[in-house]
Structure formats: C-alpha cells, structure tokens
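Read-outs: derived from the displayed coordinates by stated rules, not from any lab. Note that the structure is a prediction, hence the values are computed from the model and not measured. Cβ sites come from the backbone with ideal geometry, for glycine too, and all protein chains shown count toward neighbours.
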Amino acid sequence: MKYISTRGDKAERSFCEILLEGLAPDGGLYLPMTYPKVDGATLAKWRGLAYHALAFEILSLYIDDIPAADLRALVAKTYTEQVFGTPQIVPLRVLEPGVYIQALSNGPTLAFKDMAMQLLGNLFEYELARRDQHLNILGATSGDTGSAAEYAMRGKKGVNVFMLSPKGRMSPFQQAQMFSLQDANIHNIAIEGVFDDCQDIVKAVSNDLAFKREYRIGTVNSINWARLLAQVVYYFAGYFQATKSGDEKVTFAVPSGNFGNICAGHVARMMGLPIAQLVLATNENNVLDEFFRTGTYRVRSSAETHETSSPSMDISKASNFERFVFDLLGRDAGRTRDLFKTELDRGGAFTITKDEFARIEGYGFVSGSSTHADRLATIRDTDKRFGTVVDTHTADALKVAREHLTPGIPTIVLETALPAKFAETIVEAIGREPDRPAAMVGIEKLPKRFEVMPADVAKVKAFIAAES
Ligand SMILES: *Cc1c(COP(=O)(O)O)cnc(C)c1O
C-alpha cells in the first residue's frame, strides 16, 4: 500500500515513511491510494478473532514494510488485558434495546486516544531502532491527546515528547495526569492561549522544513495516519459484538472534535464494513455539525471557540476533516487544495456545491450538536434509568444518537472517556463523584513538572533546540 497527499503531491510513500511524519510536504494529509475492500467471507473469518489478531489483519492491509511477524508481535504486545482492562479490549454493553455503548476508554489515561497511541508508541520505538534514529514529538492537546501520547511514549527509546496545552484549560485531573510524569523524555509546555494557538504553533514548526529536519520533529496529533488506522480496528470489533452475521448493519455515534475518530469510521465503511450511518456529534463548538447540515465549513476564531464541559471537543477547525472532503470530492486534489488552502486562507470558510453536498448521504454521515444543559440531562437520565454514568463527551454522542435512531439497526455509541476525568460536570449532573480507578486516586497531589510559555513559535523552537 502506498500513501498520497490530499493536496496532490505526486510522491507515493510507504507506511513507514509517513509513520513518523505529520502533514505532507504540500500541507495536505496522507491517505492510502485505495481502501482495501473486505468481503463477506473475510468478515465472517474475522468475527471470532481476538482484538490483537483482528488488529493485525486490518493493519497488514495497509502496512507492507514491516515484516508480518514483527507487526503481529507489536500489536500483540499493545492490545493486552493488562493495559486495557478486559479481554475484549473494547467491550460493548447494552444501554437499552438497540442502543449500545462501546468502551474505548479503559486504557492508561481513561480515554479512547490510548487505543491508537499505545500502538503508536510501540511502532515508533520499533521503527526508530530499525533506522538508528531519534525523534522529537511535538504535539498540541486540549487534554486527552497529550496524556495519551505521554503515557504511550514515556521511557521509549529514541523519543522525546514536547506537548503544548492551553494553560489552565484542562481539568485538574487531566493536568495531574500529564504534569505528574517525571520521565526525562517528557516535556509539558503550558501555552498562554487556547487549544488552537497550540495547534497553530505545531503547524508553524512543522511547516519550517529546515527546523523540522534539523531537530527531527514528528507528531502524534490525530493527523497521523497510523493513529487513524489503529482506530479503524475498533469499528470492526464493535460491529462484531453487536451483530450475529455480516448481513446486519449498525450505526455508530461518535463524539467529534478533530474528526479523527469518525474519520476512522469512514475508512471502515469505505472498506465495506456494513455501517448504515455515522452520526457525528459536536458540543457547542459546532463547526462540523454546521457543515453536515449546510455544506459550509467555517473555521471559528479563538474568541468564538467556547470552553465547554466536553473540552476534548472544543475545536475551531477539525484537523482531519480534509481527509473526508478529499474522498467526498472524488479525490480531486486540486479542488481540495482550493477549498482548504485558497478559500480558507482568504476568508476562513468555504461552501461546497449543491451537487457535492448531495453526495454526503452516500457516505452515511448525519450530525447534531449538544449543549451543556443537554449533557447534564443526558448524564442524569442515563444514571437514573440505566444505572450507568457516562462521561460528558459520550453524553453528547448519546444525545445526538437518539435523534437519529433507526428501527432494526443497532446504534453503537462510542464511549470516549471515563466519567472520572470530568468529575466536576458529573457532580453537577448527578450530585455525586464518579468512581475513579484505584490507581488514579489522589493524583492531583503529586508533584508537577511543566513549563509556561506565551503563544510564540520562536520561544517554543528555542526550548526544543535546548532540550532535544
Ligand atoms: C479527542 C476526544 C474526542 C474527539 O475525537 P476526535 O478524533 O478529535 O474527533 C472526543 N472525546 C474525547 C474524550 C476525546 O479525548
């Protein structure tokens, strides 16, 4: 399998060439040249597989430059009961008839980003050792990405992590998770700004090709293809748990921010997984919901970006969205570049044509948004009627999922975090603290290790240069 850029760069790259990269040199995102098709017989064969074995089957369709035995060993060491808490890794539970919750959040940082990041840590260590190289990972996080990356990379040979986060905007628990890490290869940088300021710094550094080369800058943000690929696996695993045969369809409801998670659902669907609909849920930051309702994608300014109680979805633009638009436009790289470069740079917005908009239905996407009041109501109602507490992001997805239920087609709501990460809002909703896993009790009291910096690209570069 070879990979191409959404903006038309002619080079075709192999998996391990793009593994350690962020954006393509032309500013686009990498995608496989084609989506391998999975037929009914293959689905039937995969149905009984353990998670790590399923992951191997799917990954090996996209990775042909790691020997099969090595890839098998890497996924087997990643997806263990010890790390993810259950033998199923992503267990499904019934909420009510026709509505399931798929737990993606039982990894080390209690959020779904561990699903991809734990694999990435092992892939990076493997590939860097093979090349006898080192890498400085630069990332931006509004919470979950950063902690997942740090827990995946801590102590890994050949890797340093520089993680930018918006100062004071993460929950105390998220902050404690990240800032309490004392590993020498982990560097936390609190930026005086919002998440998008952090993301812009990462982009600016990555676009400085000379700096990027000299300091061997890499990324683990959700634009990384390997991360997205790892997430494709749990759509298959969820499908197999909710169905008895490959003739059945399911719908997935996905709490969305940077469009990474649901883009993996899109890839699974393009491969032939019988997905009826992909229900995209946003919070008050409804850039994506607006696009799927109107065909207009309008990036928000920092001032227009709301700080919400589902903070991992507080985005003003969705960094993976270009991948879907590229497919929607029939993989027309010129048109994709016009929209994402020319039009966004000029006016901060673009509108696709009526004909282009009409194609969305064929890709199964529908959308909706949720507010703080909706979130509280959903958490309260779910606790009262079903005795289960969901986190704030999952609540957004559940709320929107209910607006799109189809009789006869089960809906799987992706649980992207445990409620313990967002205790303040849980208390507001149900009047009591959510359960916290024993290993996480009291982490807010641990000593913290982090730097504070203004939103200044030059300062961040200087820090990387000094510490790498
Ligand atoms: C990152 C995150 C999301 C959003 O996922 P995207 O891939 O950015 O769309 C939703 N919920 C939680 C808990 C997250 O950490």
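With θ set to phi - 60°, apply the Karplus curve 6.51 cos²θ - 1.76 cosθ + 1.60 along the stretch 230-244 and write out the HN-Hα couplings as whole Hz, x wherever there is a Gly or Pro.
Values, residue by residue: 4, 6, 4, 4, 6, 5, 5, 5, x, 4, 5, 6, 8, 10, 10 Hz.
Using only the Cα atoms, work out Rg/Rh for the stretch 272-328, with Rh taken as the Kirkwood radius, to two decimals.
Rounded to two decimals, Rg/Rh equals 1.00.
Name the long-range amide H neighbours of residue 159: under 5 Å, sequence gap of 5 or more, or other chain; modelled H, no Pro or chain starts.
Amide H neighbours of residue 159, under 5 Å, 5+ apart: 135.
For the stretch 75-157, evaluate the Debye formula with one uniform point scatterer on each Cα (no solvent term) and list log10 I(q)/I(0) at q = 0.18 Å⁻¹, rounded to two decimals.
-0.79
Express the relative contact order of the stretch 215-323 as a whole percentage, based on alpha carbon pairs under 8 Å and six or more residues apart in sequence.
Value for the stretch 215-323: 28 percent.
Dipole of the chain, Cα-centred, from +1 at each Lys and Arg C-beta and -1 at each Asp and Glu C-beta, to the nearest 20 debye?
Value, rounded to 20: 540 debye.
Under the 0.36 nm per residue contour assumption, what length would be gained going from the current alpha-carbon distance of residue 381 and residue 82 to full extension?
104.4 nm
Report the rotationally averaged projected area of the stretch 343-433 based on its alpha-carbon convex hull, in square nanometres. Show your work: numbers first, answer last.
Numbers: hull surface 34.7 nm².
Result: a mean projected hull area of 8.7 nm².
State the three equivalent ellipsoid semi-axes of the stretch 64-221, derived from the C-alpha gyration tensor as the square roots of 5 times its eigenvalues, in descending order and whole Å.
Values: eigenvalues 147, 104, 36 Å².
The three semi-axes for the stretch 64-221 are 27, 23, 13 Å.
Quickly work out the residue 446-to-residue 12 label distance, labels modelled 7 Å from Cα along the C-beta direction, and quote it in nm with one decimal.
Going by the 7 Å Cα→Cβ label model, 4.6 nm.
DSSP loop trypsin sites (Lys or Arg not before Pro) in the stretch 160-246 with at most 13 other Cβ atoms within 10 Å of their Cβ, which ones? Please report the intermediate quantities before stating the final value.
Working: sites: 167, 169, 203, 212, 213, 216, 227, 244; in loops: 167, 169, 216, 244.
Qualifying residues, ordered by number: 244.
Given the C-alpha atoms of the stretch 233-356, compute the convex hull and give its volume per residue in Å³.
Hull volume normalised by residue count: 112 Å³.
If one computes P(r) from the Cα atoms of the stretch 386-464, what percent of pairs lie at distances over 18 Å?
When all Cα pairs of the stretch 386-464 are counted, 63 percent exceed 18 Å.
Hey, which lysines would be in cross-link range of residue 77, C-alpha to C-alpha under 28 Å, not counting anything within fewer than 8 residues on its own chain?
2, 37, 45, 113, 156, 157, 421
Mean shadow of the chain, computed from the convex hull of its alpha carbons, in nm²? The partial results should precede the final answer.
Details: hull surface 81.0 nm².
If I average the Cα hull's projected area over directions, I get 20.2 nm².
At most 15 other Cβ atoms within 10 Å and a DSSP loop assignment: could you name the GluC sites (Glu not before Pro) in the stretch 287-377 that fit?
Details: sites: 290, 304, 307, 322, 343, 356, 361; in loops: 304, 307.
When the GluC sites (Glu not before Pro) of the stretch 287-377 are filtered for loop state and at most 15 Cβ neighbours within 10 Å, 304, 307 remain.
Starting from one equal scatterer on each C-alpha and no solvent at all, send me the Debye-based log10 I(q)/I(0) for the stretch 200-291 at q = 0.20, 0.25 Å⁻¹, two decimals.
Results for the stretch 200-291 at q = 0.20, 0.25 Å⁻¹ read -0.96, -1.21.
Output the Cα-based Rg and Dmax of the stretch 1-129 in Å, rounding Rg to one decimal and Dmax to a whole number.
Cα only, the stretch 1-129: 16.6, 49 Å (Rg, Dmax).
Please arrange 461, 445 by counting, for each residue, the other beta carbons lying within 10 Å of its beta carbon, fewest first.
Exposure proxy ranking, most exposed first: 445, 461.
Roughly how large, in nm² to one decimal, is the mean projection of the convex hull of the alpha-carbon atoms in the stretch 118-176?
3.8
If you project the alpha carbons of the stretch 167-249 onto their three principal axes, what span does each projection cover, largest first, in Å?
Largest to smallest, the principal-axis extents are 50, 35, 26 Å.
I need 16, 198 ordered by Cβ neighbour count within 10 Å, fewest first.
Values: 16 17, 198 26.
Fewest to most other Cβ atoms nearby, the residues stand as 16, 198.
How do 46, 225 line up, fewest other C-beta atoms within 10 Å first?
Numbers: 46 18, 225 21.
Fewest-to-most Cβ neighbours within 10 Å comes out as 46, 225.
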